[in-house]
Amino acid sequence: MAPIHRPMDLVIPPTATVLFAGLIVVLMRRPHWVVGVARVALAAGALALAAPAWLYTLQAVWMPGTQLIELLPPLSSLFVVYLVMVMIFIPGRPAFVVAALSWLLIALPVLIYLLAHPAELWAPRGRDLLMAYGPVSILVVVLLPVQRGLAGKIQRLASERQRMEALLHRDPLTGVQSRLLGERMLREALIEGAAAGVVMLDLDRFKAINDTYGHPVGDRVLQAVASGCAALLRGSECISRWGGEEFLAIVPDVDAAGLQQVAERLQAAISSLPVAPVEQVTASFGTTMIRPGDTLDSVLQRADQALYRAKDRGGNRVETADLASGVS
């Protein structure tokens, strides 16, 4: 756009424009090539920045009366952008090597010229070039990796927090929700006040399984029961390991008949689980609907009373607290 069009100014910008447009098309068609495309762009950018830096610097040296600050195109900001891209797309130590070589090839000849010509150095354009090719470029190379390191550390801390939350919310043996998360979800159901029910189940004669076959078999039984129950429940329903061989399922948006059906499906699924060498695994169930004015303790008390009624009646059955007389 200058009144005098120099040959290099007429060649490099349109050539670079065509090249980068082609790289953009390639990137749109092959997004997974982003790293390769970025590195080709960096190589082209280095050539496009180095060529005028050397040419116009040598021209200013060899041609008396010519000033570099008048010849050099406004490339200093592009050089800073180029360094940012180098630090982003080239990992680790190679990024510093490429940045150092780029600074030697592009910035150093301009800085040497300016230091040798104080009149141009202290002109407004000269000071801009000095800052861009000197402190600003060095700060980019030094601070960007620090920022990336901090971002990586923050990401690791976030991952560690998620892992700790998963440990708190998941039972490590069975993989279903922990009692802590189960209690939280039950409290939320009580606060919402929507139609919901609770199914409490306890494996029958589980101590005998541990005593007869050993604790590793008992662990496999717990894992199979948890997995089988979780597979039968909908996404809005949840099952938690309540303690030992006891589990609690929270069933939202259900009536008493639907809650009975859920418990019966779980009972049938458990009784048909093949866990060798155990002949059959069964469980006793207690169910209750959540009533207006219920608390966490009152719901669990009703479900627990129904569960133990099922135990007293031989196990492998479902008892409903809401239908039992005398149960508050």
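The values are calculated or read from the model by the stated rules, or taken from the named source; none is laboratory data. On a predicted model such as this, the values are computed, not experimentally measured, just so you know. We place every Cβ from the backbone using ideal geometry, glycine too, and count neighbours over all the protein chains shown. Calculation scope for accessible area: heavy atoms of the full protein, side chains included, ligands and nucleic acids excluded. Shrake-Rupley method; radii C 1.70, N 1.55, O 1.52, S 1.80 Å.
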Could you run the Debye sum over the Cα atoms of the range 211-282, one equal point scatterer each and no solvent, and tell me log10 of I(q)/I(0) at q = 0.12, 0.13, 0.16 Å⁻¹, two decimals? -0.34, -0.40, -0.59
0 to 90° range, to nearest 10: angle between helix 34-62 axis and the chain longest Cα axis: 20
Could you rank W33, W62, W242 by how accessible they are, 1.4 Å probe, largest area first? W62, W33, W242
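State the percentage of accessible surface on the chain attributable to carbon and sulfur atoms; use a 1.4 Å probe and exclude ligands, DNA and RNA.
65
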Point-to-point label distance, D211-F20, nm (Cα→Cβ direction, 7 Å offset): 8.0
If one compares the long axis through the Cα atoms of helix 179-192 with the longest principal axis of the Cα atoms of the chain, the angle in degrees, nearest 10, works out at 80
On a 0 to 90° scale, report how tilted helix 137-169 is relative to the longest principal axis of the chain, with both axes built from alpha carbons and the result rounded to the nearest 10. 0
Would you mind giving the average projected area, over all directions, of the Cα convex hull of the range 125-255 in nm² with one decimal? 14.2
In whole Å, how far is the Cα centre of the range 224-288 from that of the range 75-122? 67
With +1 on the Cβ of every Lys and Arg and -1 on the Cβ of every Asp and Glu, and nothing else charged, how large is the dipole of the range 216-328 about its Cα centre, in debye rounded to the nearest 20? 160
Expressed as a whole-number percentage, the relative contact order of the range 76-162 with C-alpha contacts under 8 angstrom and at least six residues apart is 39
Put K207, K311, K153 in order of accessible area, largest first, probe 1.4 Å, and you get K207, K153, K311
Rounded to the nearest 0.05, FRET efficiency between L27 and V84 (Cβ-Cβ, R0 22 Å) equals 0.75
Per the helix-only calculation at 222 nm, which mean residue ellipticity applies to the chain, given -39500 (n - 2.57) for every DSSP H run of n ≥ 4 and division by its residues, nearest 500 deg cm²/dmol? -20500 deg cm²/dmol
Rg/Rh for the range 1-135: what does it come to with C-alpha atoms and Rh from Kirkwood? 1.01
Cα-based radius of gyration of the range 65-135 once divided by 2.2 N^0.38 Å, which approximates compact folds: 1.19
If you build the Cα gyration tensor of the chain and take the root of 5 times each eigenvalue, what three semi-axes come out, in whole angstrom, biggest first? 77, 20, 18
7 Å from Cα along Cα→Cβ at both A51 and V11: what's the point-to-point distance in nm? 0.6
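Keeping every protein chain present and rolling a 1.4 Å probe, give me the accessible area per residue for the range 130-284 in Å². Let's see the in-between values first.
Numbers: 8280 Å² over 155 residues.
I get 53 Å² per residue for the range 130-284.
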Column: log10 I(q)/I(0), Debye, Cα scatterers of the range 164-224, q = 0.14, 0.16, 0.23 Å⁻¹: -0.57, -0.69, -0.98
Using a Förster radius of 30 Å, what is the FRET efficiency between A194 and A158 based on their Cβ-Cβ separation? Nearest 0.05, please. 0.35
What does the extension gain come out to for S298 and A256, with contour length at 0.36 nm per residue minus their alpha carbon separation? 13.4 nm
